[in-house]
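Take a look at the structure set out below.
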Amino acid sequence: MKIDFYYVNKEYIKYLKDYEKQHRGGFTCVPNIEYANRDKFVYGAVLEINKIKYYVPVFSQTKGKQDDMLIRDKKNVIKGSLRFAYMIPVPNCCISTLVIDNIKDENRKILISKELAFCRKNKDKIEKQAQLTYDRILSGKHIGLNQNSCDFKVLEEAYIQYCIDKNIDLPKEVINKDSDRLLEQKNELSIKNNFPTLPRYDKEKCESYQQ
């Protein structure tokens, strides 16, 4: 699958949000993607962990932090940002390409074309930043970052659980003790309840950063 802008399946996003809330005391940093007049899109894949592909959301903010990358046009004007602390793992079947030619608003079409041109030109830098942020968050050494970022390990577990629930083939690299354990838990719940069960620190700060 080529590097591009994509929309993410809304049901899958809700699943990630619910799963992270379940494992973070009702709290999630999975970004909102649905708005009144537009849907947020992602760029990628920017990172691959055991064949699980990560995508970074594109934000309209023009002020960046250490783990953000500002998107600039040819005149160096800031057009948006990539926020790597909010990357999400997504199965191939849960993304669809954003077709720029189909955008009716001419100004938005031009803006997104410039954003995509920047991303493609800076592909290597973006992938390097994605890996750096992933490693920084997993290290647990940056409290502020960890409090205002997705929990990547929890989301990877959600990715696996979602694939199991939806009978989506998992890459052999992720068929390990974690996926086996999740499948066993699902089967135990199914037997016990006689139906398949889908699982569903600064909260205000994180939710404000998602916009």
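Since every read-out is calculated from the coordinates, none of them should be taken as a lab result. What you are looking at is a predicted structure, and each value in this text was computed from that prediction instead of being measured. Methodologically, a virtual Cβ is constructed for each residue, glycine included, from the backbone with ideal geometry; neighbour enumeration extends over all protein chains shown.
Under the simplified labelling scheme, the Tyr35-Ile103 pair shows an inter-label distance of 1.2 nm, with each label point 7 Å from Cα along Cα→Cβ.
Measure up Lys14/Lys75; Lys65/Lys114; Lys74/Lys141; Lys2/Lys166; Lys51/Lys75; Lys114/Lys172 against 31 Å on the Cα-Cα distance and list the ones that go over.
Result: Lys14/Lys75; Lys74/Lys141; Lys51/Lys75; Lys114/Lys172 exceed 31 Å.
Between Val77 and Asn9, the simple label model (points 7 Å from Cα in the Cβ direction) yields a spacing of 3.9 nm. In this rough spin-label picture, where each label sits 7 Å from Cα along the Cβ direction, the Ile175-Lys65 distance is 3.9 nm.
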